[in-house]
1. I'd like the full set of residues that are of a type outside the set (A, V, I, L, M), touching a residue at least 24 places away in the same chain (Cβ under 8 Å) and either touching a helix residue (DSSP H, G or I) at 6+ places or on another chain (Cβ under 6 Å) or part of a loop (DSSP other than H, G, I, E, B) (or both), limited to the range 66-78.
2. Taking the residues in the range 151-163 that are more than 20 Å from residue 237 (Cα to Cα) and modelled with pLDDT under 90 as candidates, determine which candidate is surrounded by the most Cβ atoms within 10 Å (Cβ to Cβ).
3. Sort through 28, 106 and tell me the only one that's small (Gly, Ala, Ser), in contact (Cβ under 8 Å) with a residue 24 or more places away in the chain and surrounded by fewer than 24 Cβ atoms within 10 Å (Cβ to Cβ).
4. Regarding the range 49-63, can at least one residue be identified that is among the small types (Gly, Ala, Ser) and within 14 Å of the chain's Cα centre (by Cα)?
5. Take the conditions open to solvent by 50 Å² or more (accessible area, probe 1.4 Å), outside any helix (DSSP H, G or I), modelled with pLDDT under 85 and in contact with a Lys or Arg (Cβ under 7 Å, 6 or more places away or on another chain) and apply them to residue 137. Does it pass?
6. Checking residue 87 against (1) open to solvent by 60 Å² or more (accessible area, probe 1.4 Å); (2) in a helix (DSSP H, G or I), which test does it fail?
7. For the subset of the range 42-65 comprising residues that are assigned to a helix (DSSP H, G or I), at pLDDT 90 or above and open to solvent by 10 Å² or more (accessible area, probe 1.4 Å), which member is nearest to residue 236 (Cα to Cα)?
Amino acid sequence: MTTIHIITLLGTGIGVGFASGLLGVGGGFIMGPVQYLVYTNMGLPIDLAIRMAFGTNLLVILLVAISGAWRHNRNRAVWWRAAIVMGVFSLAGSYIGATIAAHIPGEALKMVFGAIIMISSVRMVTSQLPSVEEQPRGNPWLWIAWAIPIGILTGLIGVGGGIVAVPVMTLVLRFKMHNAIATSLAMMILTSTGGAIGYIVNGLGVPGLPAYSTGYVNLQSWLFLAVTSIGMAQVGAITAHHLPARQLRYIFIAMMFYMGLKMLGLFDWLGWPI
């Protein structure tokens, strides 16, 4: 790993931490593309690079989610009952998703990652936020029904789940935006744990992995991403409580669109260096 790679990962950690606390996402949709580019630049084949990016993502997200959820909890924004119920079932789902990802070609995983982000962003654009008077849906069975597929997607594409959980919580479960962001982060503590374990277990003994790897988790990249992201998650969470819900939604959608198009390869096809 070169100095440029290290600086890139440290800088990415800053953005990931802030986005996590601000938007209730783990930041995997930012870290995934960046790590993928770093690993392929190091000479790793696509299959190993994408799985390594996803597995390392989830271990970083675990710490970032703890940091962000703690800050949001101080503002009494986390609905812990929903977070725990959904987190437990999404943990199991994310382990299953990671196991599936270990047997899918890397190029297909990359396209699935981009497609899911784009679908989620389009859904956020075309749907309305719940009105202030609407009460959130407090049915645990409904939470479980959504938590399992969210968990599977989390493990499959190496994100904390917030990229899907926040739209589900706001559009289906009728959570207010600030509560959805906070509860999503708390849920991610468990979801990312299941996925990280899945990538570690399924990557043990795989040949060709870079130094400092445990399964499909690279501890060197994890350190560089985590050291800058944890503190910035606090800054993002504080900022979130000073922004209106509609503005948070627009920021969330814009970031989803960019990363979705990036992983689908549109910018490369157009020849745009972004």
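The values are calculated or read from the model by the stated rules, or taken from the named source; none is laboratory data. Keep in mind that this is a model prediction, so the values were computed, not measured. Virtual Cβ from ideal backbone geometry, glycine too; neighbours counted across all protein chains shown. The accessibility values were calculated without ligands, DNA or RNA, using every heavy atom of the protein model including side chains. Shrake-Rupley method; radii C 1.70, N 1.55, O 1.52, S 1.80 Å.
1. 67, 68, 71, 72, 75
2. Step one: list which residues in the range 151-163 are more than 20 Å from residue 237 (Cα to Cα), which gives 151-158.
In the following step, the residues that additionally are modelled with pLDDT under 90 were identified as 153-158.
Working: 153: 25, 154: 37, 155: 34, 156: 24, 157: 28, 158: 35.
The qualifying residue surrounded by the most Cβ atoms within 10 Å (Cβ to Cβ) is 154.
3. 106
4. Yes - at least one qualifying residue is present in the range 49-63.
5. Numbers: open to solvent by 50 Å² or more (accessible area, probe 1.4 Å): yes; outside any helix (DSSP H, G or I): yes; modelled with pLDDT under 85: yes; in contact with a Lys or Arg (Cβ under 7 Å, 6 or more places away or on another chain): yes.
Here the answer is yes, as residue 137 does meet what is asked.
6. (1)
7. Only one residue tops the list, namely 59.
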